[in-house]
1. Go ahead and set up a Gaussian network model of the chain, Cα springs under 10 Å, then flag whichever of L184, L133, L203 fluctuates most.
2. Tell me, what ³J(HN,Hα) does each residue in region 58-72 have, in order and in whole Hz, if you take phi through Karplus 6.51 cos²θ - 1.76 cosθ + 1.60 with θ = phi - 60° and put x for Gly and Pro?
3. For the chain, set up a GNM with springs between Cα atoms under 10 Å and report which of E126, E40, E27 has the largest fluctuation.
4. For the pair L133/R47, report the inter-label distance in nm, with labels modelled 7 Å from Cα in the Cβ direction.
5. Could you do me a favour and compute the accessible area per residue for region 69-173, 1.4 Å probe, result in Å²?
6. Compute the length gained on full extension between H167 and D75: take 0.36 nm times their separation in residues and subtract their Cα-Cα distance, giving the result in nm to one decimal.
7. Compute the FRET efficiency between V156 and D195 as 1/(1 + (r/R0)^6), taking r as their Cβ-Cβ distance and R0 = 41 Å, and round to the nearest 0.05.
8. Between the DSSP loop rule and a limit of at most 12 other Cβ atoms within 10 Å, which chymotrypsin sites (Phe, Trp or Tyr not before Pro) in region 93-140 are left?
Amino acid sequence: MSRYIERNENDRFDAARDPADPSPEVELPKPVLAGNISIEQALAERRSIRSYSNNELSLSNVAQLLWAAQGMTSDMFFRAAPSAGALYPLEVYLVAGNVSGLDVGVYRYVPSRHSMIRIFKGDRREELCRASLSQPQIRDAAAVVVIAADYSRTTVKYGTRGIRYVHLEVGCAAENIYLQGVSLGIGTCAVGAFDDEEVASILNLPANEDPLLILPIGYV
């Protein structure tokens, strides 16, 4: 199973590379495995936050959130969020606007490398906001995490029941972002009201991926 996952991770990594971009890969700071607050405190303080400060996010904190959503947690390629059959249908994107040391643009997270590849340059927060019923927290956030899914990775094994499993998984990944954010002083708000086709177009998603959830992130 681990070799299967690694091969497919690397295939997706290579397919997303832009040959016109000489340095699309961004190596991320290693995840921190010891926090300043307990899981119980994080659970008690977890809230949906819709307004953020103007401070830029640190790359290390962004990396920690991405790892919490889909990062590797063992040499067997298990991840921070559970997945039915360890098939991992989720893909995580970062729409970066105000992140220290990171060019404005759209990036795909690569769990097997704990890195990101830049899909394209340019600020897409305003477009993403308009595609999400003009919810201002998306425009105002320092960055936005978008979680998409390739349903076929799960339904090939579980049939139509796999659709339910994918939806459960995106909820687990989102809650991880919420709880990790509490420990870092970062707020988020899960947004499910958006035009799927517009969001897919803005992020240039592959045809086999559907956007499921948008999470603006910023310091509170």
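1. Highest fluctuation among the options: L133.
2. Coupling constants for region 58-72: 7, 5, 5, 6, 4, 4, 5, 5, 5, 4, 4, 6, 8, x, 6 Hz.
3. Among E126, E40, E27, the largest mean-square fluctuation in the Gaussian network model of the chain belongs to E40.
4. 2.2 nm
5. For region 69-173, the solvent-accessible area averages 38 Å² per residue.
6. Length difference between fully extended and current span is 30.5 nm.
7. 0.90
8. Taking region 93-140 and a limit of 12 other Cβ atoms within 10 Å, no loop chymotrypsin sites (Phe, Trp or Tyr not before Pro) are found.
The values are calculated or read from the model by the stated rules, or taken from the named source; none is laboratory data. The structure displayed is predicted, hence computed values, not measured ones. So basically every Cβ, Gly included, is an ideal-geometry build from the backbone, and we count neighbours across all protein chains shown. The area values use the complete protein model at the heavy-atom level, side chains included, leaving out ligands, DNA and RNA. Shrake-Rupley method; radii C 1.70, N 1.55, O 1.52, S 1.80 Å.
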